[in-house]
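Below you'll find the structure, written out as structure tokens, and then a few comments.
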Amino acid sequence: MLNSELETLVETSDEWIYARTGIKQRHIAREDETTSEMAYEAAIHAIEMAQVQFDSIELVIVATSTPDLIFPGTACLVQKKLKLRNGAAAFDVQAVCSGFIYAISIADQYIKSGTTKRALVIGADMNSRILDWRDRTTCVLFGDGAGAVILDRGDAPGIYKTRLCADGSYSDYLQVPSGVSKPTGDPFIRMRGNEVFKFAVNAMDEIVDETLADTELARSDIDWLVPHQANRRIIAATVKKLGLSMDKVILTVAEHGNTSAASIPLAMDVGIRDGRIKQGDIMLLEAVGGGFTWGSALIRY
Ligand code: UT7
């Protein structure tokens, strides 16, 4: 869906959306599509790319805030679609836009502790279902998508370190007010955009050094920053504070909009498939989302 199409729904313009966010378009799922279907497609692509056997996957984690159902978890529905009958553990992680970082951090702990040899980690969100299409302050920002990775136990460093943070005192800055035990009747994303923006820039600056601490790596070792794709201006401000240059950033916000838990794995996929991210490169992934939650992961591809 192009920005120009949104001009027919709300009082907005392509110029405003692009100038304030860097977004040119977003993908919107079909009415009959589900989050688990998008997650399944992403899983198949990841499995094919990693060239692994389906039944070697011992753990399936789906990061999502837009599950198909209240339960079973989306990860179980993906497992069913994959016909994975080997008893692999499967569960969802709900940490909104930081969900993928949370999920790979959990998978990493399972792998490093020796509990699991191979994990499938998916970030998938169908934000279009929780957007108020009359609210121009939110509906122009989000899109739908899914991305996935396979994590393996191995000799290479892989994930050097992950760092996860949360501060629930900000819960009303970015939320869907209606839920299961608290049905308020407002099932749409509500956001205090300016405040989220400021928090995001500061949190990202701090977490990068916290992540690099106790590793043998420095800022200058980072080949690629793969940030959560919420707003190009947030990413540009983070990059400036870090002293990096924009040509070290995988930027997909123009094409995808904010796809929440899917945005980082989608950006990784773009960077790897177009040949920019090469085997051995060091990536820093980082995200901020509702909660607030935030986190980062330092990875060698
Ligand atoms: O993924 C989770 C994390 N989420 C984020 O990181 C989002 C963080 N926030 C943002 O990205 C930005 O704050 C927004 C893109 C949401 C808003 O950008 P902004 O530069 O902070 O704009 P603003 O909210 O200060 O609004 C500026 C003006 C206002 O009009 P007035 O009061 O100056 O007359 C808004 O009413 O822009 C108006 N406006 C719009 N105009 C055209 C707000 N939304 C729109 C719109 N089209 N869609």
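Has segment 240-258 got at least one residue that is within 28 Å of Asn3 (Cα to Cα), among the basic types (Lys, Arg) and open to solvent by 30 Å² or more (accessible area, probe 1.4 Å)? Break it down into steps so the answer makes sense when it comes.
Looking only at segment 240-258, we keep the residues that are within 28 Å of Asn3 (Cα to Cα), and these are 240, 245-258.
Now drop any that are not among the basic types (Lys, Arg), which leaves 240, 248.
Keeping just the survivors that are open to solvent by 30 Å² or more (accessible area, probe 1.4 Å) gives 240, 248.
Within segment 240-258 (the criterion being within 28 Å of Asn3 (Cα to Cα), among the basic types (Lys, Arg) and open to solvent by 30 Å² or more (accessible area, probe 1.4 Å)), the answer is yes, since at least one residue qualifies.
Out of Ala46, Ala90, Ala63, report the one residue that is under 24 Å from Gly295 (Cα atoms), within 16 Å of the ligand (Cβ to nearest atom) and buried (at least 16 other Cβ atoms within 10 Å of the Cβ).
Working: Ala46 fails: within 16 Å of the ligand (Cβ to nearest atom); Ala90 fails: within 16 Å of the ligand (Cβ to nearest atom).
Only one candidate qualifies: Ala63.
In segment 207-221, how many are part of a loop (DSSP other than H, G, I, E, B) and under 21 Å from Lys278 (Cβ atoms)? If you could, list the steps in order and put the result at the bottom.
Taking segment 207-221 and keeping what is part of a loop (DSSP other than H, G, I, E, B), we get 213-218.
So of that shortlist, the ones also under 21 Å from Lys278 (Cβ atoms) come out as 215-218.
Of the residues in that region, 4 qualify.
Can you pull out the residues in segment 183-194 that are near the ligand (Cβ under 9 Å from one of its atoms) and either in the same structural domain as Asp135 (by TED's automatic domain parsing) or open to solvent by 70 Å² or more (accessible area, probe 1.4 Å) (or both)?
Arg192, Asn194
Considering only segment 26-35, I want to know if a residue exists there that is charged (D, E, K, R), within 16 Å of the ligand (Cβ to nearest atom) and open to solvent by 60 Å² or more (accessible area, probe 1.4 Å).
Step one: of segment 26-35, the residues charged (D, E, K, R) are 26, 30-33.
Now restrict to residues that are within 16 Å of the ligand (Cβ to nearest atom): 26.
When the remaining residues are screened for being open to solvent by 60 Å² or more (accessible area, probe 1.4 Å), the result is none.
No - not one qualifying residue is present in segment 26-35.
With respect to Val149, determine if the residue is away from the ligand (no atom under 16 Å from the Cβ) and under 19 Å from the mean Cα position of the chain (by Cα). Don't jump to the end; show me each part of the working.
Values: away from the ligand (no atom under 16 Å from the Cβ): yes; under 19 Å from the mean Cα position of the chain (by Cα): yes.
In short, yes.
Quick check on Arg163: is it surrounded by 14 or more Cβ atoms within 10 Å (Cβ to Cβ) and part of a helix (DSSP H, G or I)? Please lay out each step first, then the result.
Details: surrounded by 14 or more Cβ atoms within 10 Å (Cβ to Cβ): yes; part of a helix (DSSP H, G or I): no.
For Arg163, the condition - surrounded by 14 or more Cβ atoms within 10 Å (Cβ to Cβ) and part of a helix (DSSP H, G or I) - is not met.
Being open to solvent by less than 40 Å² (accessible area, probe 1.4 Å) and within 22 Å of the chain's Cα centre (by Cα) narrows it down to one of Val208, Val176, so name that one. Reasoning before the result, please.
Numbers: Val176 fails: open to solvent by less than 40 Å² (accessible area, probe 1.4 Å).
Of the residues listed, the single one that is open to solvent by less than 40 Å² (accessible area, probe 1.4 Å) and within 22 Å of the chain's Cα centre (by Cα) is Val208.
Just checking, does segment 112-129 include any residue being away from the ligand (no atom under 16 Å from the Cβ), within 21 Å of Thr162 (Cα to Cα), open to solvent by 10 Å² or more (accessible area, probe 1.4 Å) and of a type in the set (A, V, I, L, M, F, W, C)?
Checked segment 112-129: no residue is away from the ligand (no atom under 16 Å from the Cβ), within 21 Å of Thr162 (Cα to Cα), open to solvent by 10 Å² or more (accessible area, probe 1.4 Å) and of a type in the set (A, V, I, L, M, F, W, C).
Could you say which residue among Ile277, Ile235 is within 19 Å of the chain's Cα centre (by Cα), aliphatic (A, V, I, L, M) and crowded, with 24+ Cβ neighbours inside 10 Å? Before the answer, list the steps.
Numbers: Ile277 fails: crowded, with 24+ Cβ neighbours inside 10 Å.
Residue meeting the stated conditions: Ile235.
The values are calculated or read from the model by the stated rules, or taken from the named source; none is laboratory data. Bear in mind that the values here come from a model prediction, so they are computed numbers and not experimental data. Positions of Cβ are backbone-derived with ideal geometry, glycine not excepted, and every protein chain shown enters the neighbour counts. Each accessible area value is taken on the protein alone, full model and side chains, heavy atoms only, with ligands, DNA and RNA left out. Shrake-Rupley method; radii C 1.70, N 1.55, O 1.52, S 1.80 Å.
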